[in-house]
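Note sheet for the following structure.
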Amino acid sequence: MSVADLSPLQIWILAARPKTLPAAAAPVIVGVGTALAEGVFRAGPATAALLGALLIQIGTNFANDYFDFQKGADNEARLGPTRVTQAGLLAAREVAAGMWIAFGLASLAGLYLIIQAGWPVLLIGLASILAGIAYTGGPFPFGYHGLGDFFVFVFFGPVAVVGTYFVQSGAASPAAVWSSLPIGSLATAILVVNNLRDIETDAIAGKHTLAVRLGRSGTRLEYLLLGVISYLVPHWDVACRFGPCIGLALLADLPPVLFPASQSEPGGRPGAQRRPGRDQPPGAAVRDSVYRRPLAWLIAVAPSGP
């Protein structure tokens with residue numbers, strides 16, 4: 001089915017970019033797993049945190065679609081998934097309205113969390129929404145100034161994981177802080193793959209992402225380092241809790257995430273050919289790890305609870 005044959009509902013689903021939602025859910029899952037392990041899990045705040053995270057991600061996707069089109073970063077030469085504003089599937093004002101609706105619904109979940117956990121949640125929520133807009137919008141869009149990687153790590157890692165733990169327990173936890181580091185690294189690795197894919201068109205549009213600043217070699221090194229961090233931290237934690245043999249169980253998905261950094265270009269070059277059934281796009285490998293890693297961690301840490 002071509003984009004011209006999509007129904008209005010399918011177009012809005014395309015604009016929401018559902019394939020990005022596991023990256024938003026992953027830190028919440030890890031925060032819930034940490035809360036379970038420490039005996040402070042609460043279903044209501046955990047559910048509201050998940051809904052809020054997904055809605056903020058959808059609002060951010062709408063914001064990126066809208067602002068990148070306005071700034072000329074999305075054009076006919078761009079690779080990757082269809083952007084509905086650039087493709088003419090939705091008017092810019094419609095996408096902007098969708099952005100505010102998504103953020104508004106996220107605020108309702110945030111209001112419940114404020115009632116449950118106090119005013120610090122207001123600061124977390126406002127900062128998350130502002131970051132979603134300021135990534136590509138506003139007078140200083142940090143995605144255009146090489147700061148996107150840092151903010152993705154912070155908000156998908158410590159803010160989301162520790163925030164999820166906080167709304168359940170009313171306090172932070174060293175375990176929540178440590179467990180946020182690999183999740184933030186994996187989310188940033190997804191961004192690195194996408195930015196490397198778009199490195200030429202971003203440079204032409206004046207979008208100076210960290211990939212544009214580092215170049216292809218430097219960006220591949222960043223990708224590799226993020227992958228290493230995402231594995232060293234949980235292995236260290238699990239080995240300290242249960243012994244080195246249990247820690248080795250989490251190595252199952254190490255090769256498909258790290259090896260593409262040396263076998264092929266993360267994000268791919270235009271015209272590059274892949275071997276069917278053998279070459280997996282590195283971005284897909286990282287996304288698969290984002291799916292599995294929170295569940296593996298939840299299973300690993302839960303037995304240490306009361």
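The values are calculated or read from the model by the stated rules, or taken from the named source; none is laboratory data. Being a predicted model, the structure only gives us computed values, none of them experimental. We place every Cβ from the backbone using ideal geometry, glycine too, and count neighbours over all the protein chains shown.
For Val152, are the conditions met, namely being free of Cβ contacts under 8 Å to residues at least 40 places away in the same chain and under 18 Å from Gly184 (Cβ atoms)?
Yes: the conditions hold for Val152.
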### Task
Only one of these is surrounded by 16 or more Cβ atoms within 10 Å (Cβ to Cβ) and on the phi > 0 side of the Ramachandran plot: Gly146, Gly125. Name it.
Gly146
### Summary
Counting only residues that are out of contact with any Leu (no Cβ under 6 Å at 6 or more places or on another chain) and either among the aliphatic types (A, V, I, L, M) or without any contact (Cβ under 8 Å) to a residue 40 or more places away in the chain (or both), segment 203-218 contains a total of 9
### Task
Report whether or not Ile58 is modelled with pLDDT of 95 or more, of a type in the set (Val, Ile, Thr) and in a helix (DSSP H, G or I).
yes
### Query
What do you reckon, is Gly104 closer than 22 Å to Ile11 by Cβ and free of Cβ contacts under 8 Å to residues at least 40 places away in the same chain?
yes
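Kindly provide the set of residues from segment 174-198 that are in contact (Cβ under 8 Å) with a residue 40 or more places away in the chain and more than 14 Å from the chain's Cα centre (by Cα), ordered by number. Break it down into steps so the answer makes sense when it comes.
Residues of segment 174-198 in contact (Cβ under 8 Å) with a residue 40 or more places away in the chain: 175-176, 178-187, 189-198.
Ala175, Ala176, Trp178, Ser179, Leu196, Arg197, Asp198 - these are the residues of segment 174-198 that are in contact (Cβ under 8 Å) with a residue 40 or more places away in the chain and more than 14 Å from the chain's Cα centre (by Cα).
For segment 81-92, indicate whether the set of residues that are in a helix (DSSP H, G or I), at pLDDT 90 or above and farther than 20 Å from Ala25 by Cβ is non-empty.
Yes, segment 81-92 contains a residue that is in a helix (DSSP H, G or I), at pLDDT 90 or above and farther than 20 Å from Ala25 by Cβ.
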#### Entry: Flag if Ser169 is under 17 Å from Ala37 (Cβ atoms) and of a type in the set (Ser, Thr, Tyr)
yes
### Message
Checking the conditions here, which among Gly170, Gly163 is small (Gly, Ala, Ser), in contact with a helix residue (DSSP H, G or I) (Cβ under 8 Å, 6 or more places away or on another chain) and surrounded by fewer than 24 Cβ atoms within 10 Å (Cβ to Cβ)?
### Response
Gly170
### Message
Six or more apart or on different chains, Cβ atoms under 6 Å: show the pairs whose first residue is in segment 15-27 and within 19 Å of Val177 (Cβ to Cβ) and whose second is crowded, with 19+ Cβ neighbours inside 10 Å and of a type in the set (A, V, I, L, M).
### Response
Ala26/Ile183; Ala26/Val290; Pro27/Ala160; Pro27/Val161; Pro27/Ile183
### Query
Pick from segment 32-55 the residues that are in a helix (DSSP H, G or I), at pLDDT below 95 and in contact with a Gly (Cβ under 7 Å, 6 or more places away or on another chain): which of them is surrounded by the most Cβ atoms within 10 Å (Cβ to Cβ)?
Ala37
